[in-house]
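Engineer: Quick one: the structure is below, and I'll ask about it shortly.
The values are calculated or read from the model by the stated rules, or taken from the named source; none is laboratory data. These numbers come from a predicted model, not from an experiment. Quick reminder, even Gly has a Cβ in these numbers, built from the backbone with ideal geometry, and neighbours come from all protein chains shown.
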Amino acid sequence: MLQFSLKRLFQSILVLIVMSFLLFVLIGLMPGDPIDNMFEGNPSLTPELMARMRELYGFDQPLSLRYWHWFSAAVQGDLGYSTMYFRPVMAVLAPAVLQTAKLLGLTLLFSVPLALLLGSLAARRPNGVLDSAIGIFSFAAISLPNFWVSLLFIILFSVTLGWLPASGVPMSNDASFLEEAQHLVLPVAVLVMFHVGPLIRYVRAAMIETLSADFVRTARAKGLDERAVIVRHALRNALIPMVTVLALSFGHLFSGALVIETIFGMLGMGKMIFDAIANTDFNLALIGLLLAITVVLVSNLVADLCYALLDPRITL
Amino acid sequence: MGFVANTLRLNAEAQTAPLLSVDDLTVSFPTKGGGHNAVVTGLSYQIAQSETLGVVGESGCGKTMTSLSLMGLVPGRGRVTGRIGFEGRDLLQQSEKQWRDLRGREVAMIFQEPMTAMNPVMSVGQQIAEVLKVHEGLGQRDSLDRAIDLLKAVGIPSPAQRARDFPHQLSGGMRQRAMIAMALACRPKLLVADEPTTALDVTIQAQILDLIIELQEETGMAVQFITHNLAVVSELAHKILVMYAGRGVEYATSEQLFDQPLHPYTQGLIQTLPDPDRKVDRLHVIHGSLRVQPAQGCRFASRCPLASDECRAAEPILREVAPGHFVACVKVN
């Protein structure tokens, strides 16, 4: 287990280094650079001055050399400066990471139990009334674009009913818990719907397969009630393939968060990466993207460890 | 006078009444066209306490559906009609709650493939303990202690360690022993064994059969033993029911059936048993397949060497041709 984790950790670090190089090159190939941004619309700027600035900041050097400079600084903990916010990257990213962690954490807290519940209910009588209703819901959740659902929710709950704030996050640190919760309800609801749709289908399929297994018949033959049969025997086995699906869906969820944060005006990771790319804020975009990659790598590692916990046939 | 006679008769019946009395059991599944397809038709048999009934027939003849209907576990939209008398009550009239109380406590079942019949992510000990928790209200520790005792009773060495193992860590024979321990945890009155030795190799088969016989002598339970293997059934059955295409075609004591098989299908089955004393060039086979069935008349007619127009006219019913020997064939006198 420990050896496995260490091996995977080493692999993950390797992947991160390779990805950081690829991202660095890709961002470097984008038109424009931070110097353009800095002096945008400044009439007193001459091409000579800009060339001197480029030289000063090292933008005249080849990409590979620039990467080496960035890398040697990054491993020492210096992630650079955000040209958009004029603050160190970490100082800009930390609150955004916290914001996104809240959004995604709350989403997972609701979407996973909901998917397990609805998927299991649907699997009890395939093609029955309940299964059809849940099927319609999950297909709607899969096919409706989440930005459109967000707008509908805002129109209904904020504009027409006036129950919840339309967007934004309370700025001050002393904002009440209730106030913050109110701002999170709509984005979390939209993301839960976005996440839960495909998950329900997976849970349903896994449960239908497991419920027809011989050991479920054995469990019934023991005289267990239906709930014990489903929860203790079927669900526990159906969960094993679900771990992979969940880990893979995490990247998808992250990309969904980008859209949702933009619509609801939340300064989360998604919005931050989007703005950084739009404003050629190299350092911020790079670290933001690498963080997103780290999240996917970690969720895959956690999935593998969960496998070993859930399935005694697997030893790591 | 009539009343006294009736009472006497009822008393006499109660004393000799078999533990299980199946009457006119029919299991059918709805078909796409809106009709019903019967996989078991009009089956009747009895099993007394301490008795073993062997149910024999080829794959697809309704053996497993018969046993699942005893547990109330016929899958999907299957419909079970007739009467399943168990200790004087009709199981088919029970509520789901009564079925649950019965399953695993009074009637228990062991299955063909012990690998897939056990939950792969639950320890063997827990799976046995679960039965005791449900039916005897034992706590975690007590039920696990009893599970270890049961594993010991079915001849598993170092039972305390094996109880912590998961099914994949046990050998096939061990797993089937553990399944038997699970089935016998609450000392059921009837054990339904659905081809429990088919997936095992021959030496293990013999061990499992011995174990079942031994446990039956100890507990006095009745056994319904389902198999397609006549050799297996000859070792432990007191009575034998031969099934063909969902119907009982011959029903007799073990001695009667092997000494004097009457139905052409039974005769065919017995002839297919290889006899090590006799050297033959080719083994005997019954030609044709179960799927080819005539629209009316005897279901075996298309494969029967004796079949005539009489056989194809009407379906023969099971009738007693000698005391305790029933056969469904018009050619038998």
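Engineer: With (1) within 14 Å of another protein chain (Cβ to nearest Cβ); (2) surrounded by 21 or more Cβ atoms within 10 Å (Cβ to Cβ); (3) of a type outside the set (A, V, I, L, M); (4) not in a helix (DSSP H, G or I) as the list, and B:T116 as the residue in question, which single condition is left unmet?
Structural biologist: It fails just one condition, (2).
Engineer: Could you list, in sequence order, all residues of region A:221-263 that are among the charged types (D, E, K, R) and either surrounded by fewer than 22 Cβ atoms within 10 Å (Cβ to Cβ) or closer than 25 Å to A:C306 by Cα (or both)?
Structural biologist: Listed by number, the residues that qualify are A:D225, A:E226, A:R227, A:R232, A:R236.
Engineer: Right, here's the next one. When you go through (1) within 14 Å of chain A (Cβ to nearest Cβ); (2) crowded, with 19+ Cβ neighbours inside 10 Å; (3) in contact with a helix residue (DSSP H, G or I) (Cβ under 6 Å, 6 or more places away or on another chain) one by one for B:I148, which number turns out not to apply?
Structural biologist: Every listed condition holds for B:I148 apart from (1).
Engineer: Let me ask another. In region B:104-113, how many are more than 8 Å from every other protein chain (Cβ to nearest Cβ) and not in a strand (DSSP E or B)?
Structural biologist: 2
Engineer: Cβ-Cβ under 9 Å, sequence separation 6+ or interchain: first residue in region A:276-295 and in the same structural domain as A:F250 (by TED's automatic domain parsing), partner among the acidic types (D, E) and not in a helix (DSSP H, G or I). Which pairs?
Structural biologist: A:T280/A:D33; A:F282/A:D33
Engineer: Suppose we keep only residues that are within 14 Å of chain B (Cβ to nearest Cβ) and of a type in the set (G, A, S) within region A:196-217. Which one would you say is surrounded by the fewest Cβ atoms within 10 Å (Cβ to Cβ)?
Structural biologist: Among residues in region A:196-217 that are within 14 Å of chain B (Cβ to nearest Cβ) and of a type in the set (G, A, S), the one surrounded by the fewest Cβ atoms within 10 Å (Cβ to Cβ) is A:S212.
Engineer: Which residues, taken from region A:48-83, are of a type outside the set (G, A, S) and either not assigned by TED's automatic domain parsing to the domain that holds A:I27 or not in a helix (DSSP H, G or I) (or both)?
Structural biologist: Those that are of a type outside the set (G, A, S) and either not assigned by TED's automatic domain parsing to the domain that holds A:I27 or not in a helix (DSSP H, G or I) (or both): A:F59, A:D60, A:Q61, A:P62, A:Q76, A:D78, A:L79, A:Y81, A:T83.
Engineer: Here's another thing I want to ask about it. Could you tell me which numbered condition B:T272 fails, if it satisfies all but one of (1) within 20 Å of the chain's Cα centre (by Cα); (2) among the polar types (S, T, N, Q); (3) modelled with pLDDT under 90?
Structural biologist: (1)
Engineer: Here are some conditions: (1) at pLDDT below 90; (2) over 21 Å from A:F110 (Cβ atoms); (3) within 14 Å of another protein chain (Cβ to nearest Cβ). A:V243 meets all but one. Which one does it not meet?
Structural biologist: It fails just one condition, (2).
Engineer: Search region A:1-21 for residues that are assigned to a helix (DSSP H, G or I) and pair each with any residue that is modelled with pLDDT under 85 and surrounded by 10 or more Cβ atoms within 10 Å (Cβ to Cβ) when their beta-carbon atoms are under 6 Å apart and the residues are at least 6 apart or on different chains.
Structural biologist: A:F4/A:L316
Engineer: For the condition in contact (Cβ under 8 Å) with a residue 40 or more places away in the chain, farther than 18 Å from A:M30 by Cβ and surrounded by 13 or more Cβ atoms within 10 Å (Cβ to Cβ), what is the one hit in A:Y67, A:Y81?
Structural biologist: None of the other options fit; the residue is A:Y81.
Engineer: Continuing with this model, one more query. Return a yes/no flag: does region B:130-143 have any residue that is away from every other protein chain (no Cβ under 13 Å) and either basic (K, R) or at positive phi (or both).
Structural biologist: yes
Engineer: To continue, here is another question. Keeping to region A:218-231, report how many residues are charged (D, E, K, R) and within 8 Å of chain B (Cβ to nearest Cβ).
Structural biologist: Residues meeting the conditions: 3.
Engineer: Out of region A:271-292, which residues are surrounded by 23 or more Cβ atoms within 10 Å (Cβ to Cβ), closer than 11 Å to A:V97 by Cβ and among the small types (G, A, S)?
Structural biologist: The answer is A:G288, and nothing else.
Engineer: Looking only at region B:216-235, count every residue that is surrounded by fewer than 20 Cβ atoms within 10 Å (Cβ to Cβ) and over 22 Å from B:L43 (Cα atoms) and tell me the total.
Structural biologist: Count: 7.
Engineer: Got a sec? Which of B:S69, B:S44 is buried (at least 24 other Cβ atoms within 10 Å of the Cβ) and more than 10 Å from every other protein chain (Cβ to nearest Cβ)?
Structural biologist: After ruling out the rest, the residue left standing is B:S69.
Engineer: Got a number for residues in region B:119-129 being facing another protein chain (nearest Cβ under 9 Å) and either within 25 Å of the chain's Cα centre (by Cα) or among the polar types (S, T, N, Q) (or both)?
Structural biologist: Adding up the residues that qualify gives 3.
Engineer: Right, next: Mind telling me which of the residues A:A140, A:A166, A:A181, A:A189 ends up being under 23 Å from the mean Cα position of the chain (by Cα), at pLDDT below 85, part of a helix (DSSP H, G or I) and over 29 Å from A:R232 (Cα atoms)?
Structural biologist: A:A181
Engineer: Quick check on region A:259-269. Is at least one of its residues more than 21 Å from the chain's Cα centre (by Cα) and small (G, A, S)?
Structural biologist: The answer is no; no qualifying residue exists.
Engineer: Can I ask one more? Within the bounds of region B:84-103, is there any residue that is under 23 Å from B:Y265 (Cα atoms) and either more than 14 Å from every other protein chain (Cβ to nearest Cβ) or not in a loop (DSSP other than H, G, I, E, B) (or both)?
Structural biologist: no
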